[in-house]
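J.: Starting off with a structure, shown below.
The values are calculated or read from the model by the stated rules, or taken from the named source; none is laboratory data. All values reported here derive from a predicted model rather than from experimental measurement. No Cβ is skipped: glycine too gets one built from the backbone with ideal geometry, and neighbour counts run over all protein chains shown. These area figures cover heavy atoms from the full protein model, side chains too; ligands, DNA and RNA do not enter into them. Shrake-Rupley method; radii C 1.70, N 1.55, O 1.52, S 1.80 Å.
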Amino acid sequence: MDFLEIAKSRQSCRAYDRSRPVEREKLLACLEAARLAPSACNAQPYHFTLVTGKQAEAVGNCTRSLGMNAFTESVPAFVVISEEPYNLTAGAGAKVKGQDYRSVDIGIAAAYFTAEATAQGLATCILGWFEEKKLQTLLHLRRPVRLVIAVGYAAPGNPLRAKKRKTMEELTTWK
Ligand SMILES: Cc1cc2nc3c(=O)[nH]c(=O)nc-3n(C[C@H](O)[C@H](O)[C@H](O)COP(=O)(O)O)c2cc1C
């Protein structure tokens, strides 16, 4: 699969096949892609906590509130991405430039993870809606939790949707 094919076929999956666990080697391939992601000053300010089996049910519980993310009940695996501190240079750069590079870096790592998941035939949904304190307690995480990624196999009959995106003209300027 070339990258554009991956980008076109990846979509947020909200219906998973609960009976089909994700193979460890596929999760490892996704993690390897995330590990290779670029980051500001190569600080890699993140940690990935992989959750499968019974514990995945408990993580799913932490992503459902106010009617959001009801579908996570059937997700067999989650990656919880917590934020680690900057290294010295990234911290200094962030201060001088007034930028939060850690969130940028975490977004890039999540994109690498989900792209490789698509290449592996897996379905994913990046989740920004979760109960952070509950997750920290459940998984004994001391750092802030920034993203959760649902991973699994799409339930049968989950078609590829047409992408809703701004047009190229809206999104780009050439000078
Ligand atoms: C940072 C971030 C947080 C998101 N949080 C959620 C979420 O909590 N629940 C959900 O169903 N989708 C969530 N999404 C998925 C987006 O809604 C989705 O990527 C967007 O609508 C585009 O659709 P597509 O991924 O199917 O192409 C999130 C995506 C990102 C990048």
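J.: For segment 49-69, what are the residues that are among the β-branched types (Val, Ile, Thr) and crowded, with 21+ Cβ neighbours inside 10 Å?
T.: Listed by number, the residues that qualify are 51, 59, 63.
J.: Here's something else I'd like to know. If you scan segment 103-117, which residues turn out to be in contact with a Lys or Arg (Cβ under 8 Å, 6 or more places away or on another chain) and either within 11 Å of the ligand (Cβ to nearest atom) or open to solvent by 10 Å² or more (accessible area, probe 1.4 Å) (or both)?
T.: Hits for segment 103-117 are 103, 106, 114, 115.
J.: Output yes when any residue across segment 99-116 is within 11 Å of the chain's Cα centre (by Cα) and under 23 Å from residue 54 (Cα atoms), and no when none is.
T.: Within segment 99-116 (the criterion being within 11 Å of the chain's Cα centre (by Cα) and under 23 Å from residue 54 (Cα atoms)), the answer is yes, since at least one residue qualifies.
J.: Quick check on segment 133-153: of everything there that is open to solvent by 60 Å² or more (accessible area, probe 1.4 Å) and on the phi < 0 side of the Ramachandran plot, which residue is farthest from the ligand (Cβ to nearest atom)? Give the steps one after another, and end with the answer.
T.: First, pick out the residues of segment 133-153 that are open to solvent by 60 Å² or more (accessible area, probe 1.4 Å): 133-134, 137, 140, 142-143, 146.
Pick out the ones that are also on the phi < 0 side of the Ramachandran plot and you get 133-134, 137, 142-143, 146.
Working: 133: 17, 134: 15, 137: 20, 142: 22, 143: 18, 146: 9 Å.
It comes out as 142.
J.: When you look at residue 156, is it in contact (Cβ under 8 Å) with a residue 60 or more places away in the chain, more than 18 Å from residue 34 (Cβ to Cβ), more than 12 Å from the ligand (Cβ to nearest atom) and surrounded by 21 or more Cβ atoms within 10 Å (Cβ to Cβ), yes or no?
T.: Judged against the criteria, residue 156 is not a match.
J.: I need every pair where a residue in segment 125-147 that is within 19 Å of residue 107 (Cα to Cα) has its Cβ under 7 Å from the Cβ of a residue that is part of a strand (DSSP E or B) and open to solvent by 60 Å² or more (accessible area, probe 1.4 Å), sequence separation at least 6 or different chains.
T.: If the second residue must be part of a strand (DSSP E or B) and open to solvent by 60 Å² or more (accessible area, probe 1.4 Å), the pairs left are 129/68; 143/47; 147/126.
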